[in-house]
Amino acid sequence: MIRTVIISAAGKGTRMKELAKDKPKHMIEVNGKPFLWHLLENLRTAGYEKIVVVVGHLSQHIEEFVRTYPHPITIVNQFAVMGEDKYGTAIPVMAAREATNGHAFLALYGDNLYSVRDLKAMNHDDGNCYVGALHRDDYQKYGVLIPDAEGKLKEIIEKPDHDVGSKLINTGLFVFTPEIFGACNNVTPTPPKNEFYLTDAVTELARVGKVRIQTIQDYWKDFGSPDDVGTVSRFLQEHGNR
């Protein structure tokens with residue numbers, strides 16, 4: 001059974017524009033609470049015991065919030081572990097390696113929200129990695145998951161400009177075995193920003209049959225742009241945290 005969650009919350013949140021000018025986007029309030037609070041509550045309700053938040057940009061705001069949160073949260077500073085010159089979605093995962101204690105773990109981005117049911121359903125500790133998938137007709141905007149005949153992942157194609165035979169998109173919800181760290185070490189930076197992408201590491205493991213696809217049953221809410229604040233607020237008012 002997986003007990004540890006790694007939440008990546010180190011980014012600048014530039015798409016949030018003025019809303020994230022003086023704080024991480026994870027601290028933008030939704031219905032009177034930081035977005036991160038809603039994610040933490042769902043993870044706790046889903047039964048995950050050790051929650052690790054990887055911080056970086058304007059980290060003091062998340063650190064202050066964690067001190068007031070009524071349950072233990074482990075903070076890992078990405079800049080302290082990896083330096084300030086490495087960026088990309090693979091870096092927070094690499095920074096949290098020690099906190100996983102050599103066990104499988106759940107990994108997700110701190111600006112995504114999932115249901116308690118889907119978080120529970122991702123608790124697989126069977127030696128495989130998993131990626132949470134969702135069917136979307138506008139798949140061209142996302143990383144598209146290409147499955148094989150057995151439901152395993154073959155590769156991830158980022159924002160394809162043509163029909164790739166799949167409309168399953170990557171929702172940023174993963175289960176990783178410790179093998180992910182070796183794959184992350186093999187990732188090369190992608191121009192023009194020279195970012196280290198986690199999906200490159202996932203694709204490396206997929207090519208040797210180590211990644212399974214699991215379809216999300218309820219919802220995936222992205223919190224990346226100003227419009228998402230109102231969208232998530234209305235959703236939670238109608239459905240609550242569940």
### Query
Which of the residues belonging to the range 51-89 are assigned to a strand (DSSP E or B) and in contact (Cβ under 8 Å) with a residue 40 or more places away in the chain?
I51, V52, V53, V54, V55
### Query
Where residues in the range 1-24 are under 23 Å from D218 (Cβ atoms) and not β-branched (V, I, T), which of them is most open to solvent (accessible area, probe 1.4 Å)?
M1
### Filtered residues of the range 199-223 (kept if surrounded by 15 or more Cβ atoms within 10 Å (Cβ to Cβ) and of a type in the set (S, T, N, Q))
T199, T203, Q214
### Failed item in (1) part of a loop (DSSP other than H, G, I, E, B); (2) surrounded by 15 or more Cβ atoms within 10 Å (Cβ to Cβ), with L39 passing the rest
(1)
### Task
Please name all residue pairs, on different chains or six or more residues apart, with Cβ atoms under 6 Å, provided the first residue is in the range 175-190 and is under 12 Å from K210 (Cα atoms) and the second residue is modelled with pLDDT of 95 or more and hydroxyl-bearing (S, T, Y).
V175/Y130
### Query
Is the range 77-89 home to any residue that is charged (D, E, K, R) and either open to solvent by less than 60 Å² (accessible area, probe 1.4 Å) or modelled with pLDDT of 95 or more (or both)?
no
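Identify, from the list A46, A95, the residue that is of a type outside the set (D, E, K, R), open to solvent by less than 50 Å² (accessible area, probe 1.4 Å), modelled with pLDDT of 95 or more and within 20 Å of V131 (Cβ to Cβ). If you could, list the steps in order and put the result at the bottom.
Numbers: A95 fails: within 20 Å of V131 (Cβ to Cβ).
After applying the criteria, what remains is A46.
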### Query
Name the pairs whose Cβ atoms lie under 8 Å apart, with the first residue in the range 202-223 and more than 16 Å from V175 (Cβ to Cβ), the second aromatic (F, W, Y) and open to solvent by 10 Å² or more (accessible area, probe 1.4 Å), and 6 or more positions between them or separate chains?
Y219/F235; K221/F235
### Task
Read through the list (1) in a strand (DSSP E or B); (2) within 19 Å of V187 (Cβ to Cβ); (3) not β-branched (V, I, T), then give the number of the only condition that Y130 fails.
(2)
### Top-ranked residue of the range 139-165 - restricted to ones that are without any contact (Cβ under 8 Å) to a residue 60 or more places away in the chain, in a strand (DSSP E or B) and in contact with a helix residue (DSSP H, G or I) (Cβ under 8 Å, 6 or more places away or on another chain), ranked as surrounded by the fewest Cβ atoms within 10 Å (Cβ to Cβ)
E158
### Task
Considering each residue of the range 199-242, count those that are within 15 Å of the chain's Cα centre (by Cα) and either among the small types (G, A, S) or assigned to a helix (DSSP H, G or I) (or both), and give that number.
5
### Selected residue [at pLDDT 95 or above, within 22 Å of M94 (Cα to Cα) and not small (G, A, S)] from T215, T190, T177
T177
### Task
Give the range 166-198 a look and list any residue that's outside any loop (DSSP other than H, G, I, E, B), surrounded by fewer than 21 Cβ atoms within 10 Å (Cβ to Cβ) and of a type in the set (S, T, Y), or say none.
T190
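The values are calculated or read from the model by the stated rules, or taken from the named source; none is laboratory data. Keep in mind that this is a model prediction, so the values were computed, not measured. FYI the Cβ positions are ideal-geometry reconstructions off the backbone, even for glycines, and counts take in every protein chain you see. In case anyone asks, the SASA skips ligands and DNA or RNA and just uses the protein heavy atoms, side chains included. Shrake-Rupley method; radii C 1.70, N 1.55, O 1.52, S 1.80 Å.
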